[in-house]
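Everything below concerns the one structure shown next.
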Amino acid sequence: MKRKLVILGNGMVGHRFAEKIAEYGGTEKFEVTILGEEPRRAYDRVHLSEYFTNRSADSLYLSPSDWYRTNGIRLLLSEPAISIDTVSRKVTTSAGTELPFDELVVATGSSAFVPNFEGVDKQGVFVYRTIEDLEKIMSYAKQVSKVAVLGGGLLGLEAAKAVLDMGKESHVVEFASRLMPRQLDEAASSVLKSKIESLGVRIHLNKETKHALGDSSFQGLEFVDGSVLEVEMLIVSAGIRPRDELAKNSGIEVGQRGGIIVDDELRTNVYGVYAIGEVALHKGMIYGLVAPGYEMAEILAYNLCSPGQKTKSYAGSDLSTKLKLIGVDVASFGDALGQTEHLPIAYTNPRTGVYKKLVLSPDGKKLKGGILVGDADAYSTLLTLYLNNVELPAEPESLIVGTPSEEGSAFGSLPDDAKICSCNNVSKGDLLGAIRSGSCSDLKGLKECTKAGTGCGGCIPQMNSILKEELRAQGKVVTEHVCEHFKYSRQELFQIAKVKGIRSFEEMIRTHGMGNGCEVCKPAVASIIASIYNEPIQKHREIQDTNDKYLANIQRGGTYSVVPRIPGGEITPDKLIVIGQIAKKYDLYCKITGGQRIDLLGARMDQLPDIWKDLVEEGFESGHAYGKAMRTVKSCVGSTWCRYGVQDSTAFAIRIEERYRGIRAPHKLKSAVSGCIRECAEARGKDFGIIATEKGWNLYVGGNGGVNPKHAILLAADLDEETCVKYIDRFMMFYIRTADKLVRTSAWLEQLEGGIEYLKDVVINDRLGINKALEEEMDNLVGTYVCEWKDVVDDPEKQKRYKHFINSEDSDPTVRFIEERGQKRPVDWPKKELVSN
Amino acid sequence: MNTTAKEPVWIPVSTVSEFPEDGGVCAKVYGEQIAIFHFSSRNEWYACENKCPHTGDMVLARGMIGDSQGEPKVACPMHKKSFSLRTGACISGEEYTVKTYPVHIEDGTVYIGIEDPGTQG
C-alpha cells in the first residue's frame, strides 16, 4: 500500500516539490495530494507584475493544466487546510475533507506583511501578493490618479513600475534609509534611486507611517516626521510574514518571530512533518526568495524518495538575486552588505548610473559577495567565483573596473589584518581597501564606507593616520583640513588664532571659515583658544564637546560622573570622608579610577552645580576628568615609605599635577612619577612619565595606555627637578602648538619627522629657537589657572544651563537606576531591534 | 512633491532670551521631551525629540549643533551620530531617525508645533 503524502500549499515551492517527487519516482511510493488556497494552480509570482500589462494568467502558470492528473497527483484548489491533527495524523480542509497522512509537507509560504498603523484597513489599501490582489488593484486604480507603494524592496519597486505603466503618479515609501535595504548598501541604493526617479517614480526614504488619511476611503499617508503624502491608493509590499498559523495551532514548533522551525533535513519537531519555502525557519533565517525554496523542495523530495541512501542536507542559501528591475540591472549576492569581516572594493560612476562592489575576504583572495547596479554583466562570472570559492586574481578590482592597478605591498608597521575598529570589526586592510577603491578620500567618507570609527570613536586618530599614509603613498596631496568648514589644519588654525588674536569661534569662522561649524571644528577651535588664552571654558560653552560643556563626563543614561582632583593620589582621611559624605548625600556610585582618584557616578545634570559646590567648599577642585586637558599624575609612595624608592615621587607628582592642572591640549594628557626603576606608577605608559634614578629623574615622553598601548621613550636622563619641569614645559607646549586635533602624544611623536631625536633637538638644544616662548606660554597658562567648577558655582547665570528643562524645574524622569553590589547603576540600553522591511 | 506639513497646534515654551546662542535646550511639551536649537548665526530655529534613537537617553538637546553641506544638524553627545534638523535623518548613514517639530517665534516667545496635544496627555 502507498504511503500518504500531503502537501499544504500550491505556490511555487509546493509545486516544485510535487514536480521533484514525480521526477524522483515518488508517485510510485506515495499517494500525493496537494492543497491550494487560491482558485488557480501554481503560477510564477516573481513575474506577477507582468500581469498588469498582459492580463494573462496562462503565461504565468508553472505547468500545463493537465500536469497534476498526468502525474497521478491529486490537486485540490480553493481548499486550504484548516487544521492539522498531529496525533491521529490527518489534515482537515476548508471543505471538511479529512486527509490522513504519513508524511506532511507544509509549503504554505507567506502572506504580505501589513504594518499596523491606524487606517490601514481603509478602502483603497491593497496588498500585492496574488493574481486576485492584482485584479482588485487594477479595478480600484481606475478611479484614482496617484498611488503609493509602501515598501522599497524588490517587489515594491516592481509594483511602483506597474503603477507607472498604468499611467498613474507613482510613489515609493520606504521606512529604511535606502532602497532594497536587505540587498543593497547605501551607495548602490542611491544609484538605483536616481535611476528609478529618472523614470518618474518618486521615492520617499526614511518614512515611518503614522496613520492613513481619509474618512472611509484612503486619501494619503501621514508620517511620523510630520510630513504628508497625498495619494488615493496604497499598495502594501512591506515584507512577508510566514503562514505558520496552522502549525502553531497544532503543536508544530515555530520560531519566536514566526516560521516553522526545521533542521538541516527540513524536519519539524513532529515526526513525518516537514516545512519548506517561505514558511520554514532554518537556522533563524526565513528566505523571502524563491530560489532557496526550490532548493529545499529538491532536497526534501530527494530524501523522501531515496530512503536508506545518504540523505541530503540543506545548508542554507545565499541571497543572490539578479533582476532587471524596472529597466535597471540590479544584482546582489553572498554577503553583499559586508556583514562579516571583509575587504570591500567599490566602483561608482554617477554619470552612467553604475555601481559595482566586491566584498572580498580580508586577505583579498576570496570573493564573499557583491552588488551590481546599472551594469550586471559580470554577475554570472562573479557568482561562479563566489559559489566555488575560487582564489581571485592578484588584482580583484579588475573584475569590476577592467584596469588593474599597480599598488601593492606594505604600509606602516601594522599588518593588514590588524583590527583598527573593534566596535565594528574593521581591520587596517578594510580601511585600505576602502581608500584604494577611491570611494572615500577623507575621514568622513571612510567612516561611512567602512563604519569604522562610528562606535566608540577610539580608533579615529589611527584611521586618520592610515588614511593619510595611504593617500601619500598614492602620491595624492593630503589635506589636513580640520573639516568642511575650515581649509586649515589644527596647527594652522592655532597660528592664525595666535597671530591675529582671535578669541572666539564666531570670529574664527567668520574670518577664516565657512558655514556654521560642526562637532569637529568647534571643539578644536575651543581647545586652541583655551590653550592660548586659558579663559574659563564656560565662556565658550556652546562650542565645547559635551563633557567640557558640562564639566563632567557623560555616561550611560545621560548622567554624569564627577572626579575631584586628588594630586598624586595623596589624600587626607578627612578629605576621604568628605568625598564619602557627598557621595552619600547625592546617592552617587563610587569607584577608584585607574588614575588614583575617586569617580562619583550617576549624577543627573541638574545635580552637578550642587555637588561641585559641596566639593569646592571642602577644598576640592575639578579633576578635569572630562577635558582634552592635563588630567592626573599618578605616583607610587617613593622614598618616603618604600624600601626601594630613591626619590620622593609623591611630592614630585603633586608638584607636576598642580603645575599643569587643567591645561587644554589636542587630546587628554596623563602623567606619572615612579620613585625607582621598579616603575610602580607605570610612568612609561603615560604621555610623559618620570622615573627616579640615583642621580635625579629620567623623563620619558610619548607613551599611553588606551587603544594602542605604547611605552614612552627616554627624552633626557638624570635631570634635576627644575630642568625636568623646564623640559616638560617645552615638550607640552610644542605638542599643543603642533599636534593635529585629537592626536595623543604617542601618535604625534610617531608622525613627527625626525622622531625622538628631532624632539630632543628642539626641547634640549633649542633647535628652533622657540624655547623661551614655549616656557613663557606655559608660565602664562599655569599662572591663569581657575577651577572650572568654581567658575560655575560662583555664577547663578551659568547654573541655569544645568536645568534639564528650560520650562520646568523637573529633572529628567527617564533616568533610571538599578542596584548592583550594594550601589546603584544605570539600566541597560534597550537592545536595538532591526526594523526594516 | 505633494508632501506637505499639516498645520500644528502651537505651544509656547519660553522667551528667546532664555536660549543660548547657537546652542540647544530641552523643553517639556505635554509630557514629551523636545530639544530646541537656536542657530543664531543663521537666525533659524529647529526642534526634534530629545531622545537619542540609538541609546534611548534623553540627551540630544545637549549635543553640538552645526551644519553639513549647509544642512542644519545636531551631533548626539553619546556617540556623535549626526541628525539633520530638517528631516530628522541620520547624516552619518545609520538607520536611526529622530522626529522633528516646527518652531515658530512671535513677540519674543518660542513656540513648538505639535499635533493634537489633547491625545498626548
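The values are calculated or read from the model by the stated rules, or taken from the named source; none is laboratory data. Bear in mind the structure is a predicted one, so any value in this text is a computation, not a measurement. Cβ sites come from the backbone with ideal geometry, for glycine too, and all protein chains shown count toward neighbours. Calculation scope for accessible area: heavy atoms of the full protein, side chains included, ligands and nucleic acids excluded. Shrake-Rupley method; radii C 1.70, N 1.55, O 1.52, S 1.80 Å.
When only Cα pairs below 8 angstrom with a gap of at least 6 residues are kept, segment A:112-240 shows a relative contact order of 37 percent.
Partner lysines whose Cα lies under 24 Å from the Cα of A:Lys498, excluding those fewer than 8 positions away in the same chain, are identified as A:Lys487, A:Lys522, A:Lys539, A:Lys549, A:Lys628, A:Lys668, A:Lys726, A:Lys741, A:Lys772.
Summarised in one figure, the compactness ratio Rg/Rh of the protein assembly as shown, Cα atoms and Kirkwood Rh, is 1.04.
Taking 7 Å steps out from each Cα toward its Cβ at A:Met514 and A:Glu23 produces label points 6.2 nm apart. Multiplying the residue separation of A:Lys136 and A:Thr814 by 0.36 nm and removing their Cα-Cα distance gives an extension gain of 239.3 nm.
Accessible area ranking (1.4 Å probe, heavy atoms, ligands and nucleic acids excluded), largest first, for A:Lys322, A:Lys366: A:Lys322, A:Lys366. For A:Trp748, the accessible surface of its heavy atoms amounts to roughly 10 Å² (probe 1.4 Å, protein chains only, rounded to the nearest 10). Expressed as a whole percent, the accessible surface of the protein assembly as shown that belongs to carbon and sulfur atoms is 48, based on a 1.4 Å probe. The distance between label points at A:Glu118 and A:Lys322 comes to 4.8 nm (points 7 Å beyond Cα on the Cα→Cβ vector). Each Lys and Arg contributes +1 and each Asp and Glu -1, all at the Cβ; summed about the Cα centre of chain B, the dipole is approximately 320 debye. Between A:His211 and B:Ile105, the FRET efficiency estimated from the beta carbon spacing at R0 = 45 angstrom works out to 0.95. Remark: chain A carries a charge dipole of roughly 280 debye about the Cα centre, counting +1 on each Lys and Arg Cβ and -1 on each Asp and Glu Cβ. Note on A:Leu714/A:Lys283: beta-carbon distance plugged into 1/(1 + (r/R0)^6) with R0 of 51 Å gives a FRET efficiency of 0.35.
Projecting the Cα atoms of B:Pro53, A:Tyr386, A:Ala773 onto the charge dipole of the protein assembly as shown (Cβ charges, centred on the Cα centre) puts A:Tyr386 farthest toward the positive pole.
Taken along the Cα-to-beta-carbon direction at a fixed 7 Å, the label points for A:Arg556 and A:Thr311 span 4.4 nm. Rounded to the nearest 500, the 222 nm mean residue ellipticity of chain A from helices alone is -9000 deg cm²/dmol, with -39,500 (n - 2.57) taken per DSSP H run of at least 4 residues. The charge dipole of segment A:1-143, taken about the Cα centre with unit charges on the Cβ atoms of Lys, Arg (+1) and Asp, Glu (-1), comes to about 160 debye, rounded to the nearest 20. The distance separating the Cα centre of segment A:152-213 from that of segment A:333-394 comes to 24 Å. Using Cα positions and a limit of under 12 Å, work out the aspartates and glutamates in reach of B:Lys81, with same-chain residues fewer than 8 apart set aside. Filter leaves A:Glu448, A:Glu519, B:Glu94, B:Glu95.
Mean sequence separation of contacting Cα pairs (under 8 Å, at least six apart), scaled by the length of chain B, corresponds to a relative contact order of 26 percent.
Between the residues A:Ser237, A:Thr311, A:Ser59, the greatest Cα displacement towards the positive end of the dipole of the protein assembly as shown, with unit charges on the Cβ of Lys, Arg, Asp and Glu, is found for A:Thr311.
Computed FRET efficiency, Cβ-Cβ of A:Ala95 and A:Asp58, R0 22 Å: what is it to the nearest 0.05? That pair, A:Ala95 with A:Asp58, gives E of 0.25. Here's the list of lysines a cross-link from A:Lys142 could span, going by alpha-carbon distance under 20 Å and ignoring same-chain residues fewer than 8 apart: A:Lys122, A:Lys161, A:Lys168. Partner shielding of B:14-23 amounts to 3, given as the average count of beta-carbon atoms from other chains within 10 Å of each residue beta-carbon. Of the residues A:Gly214, A:Cys636, A:Cys449, the one whose Cα sits farthest towards the positive end of the charge dipole of the protein assembly as shown is A:Cys636 (charges of +1 on Lys and Arg Cβ, -1 on Asp and Glu Cβ, taken about the Cα centre). Fully extending the segment from A:Thr340 to A:Asp794 would add 158.1 nm, taking 0.36 nm per residue of separation and subtracting the current Cα-Cα distance.
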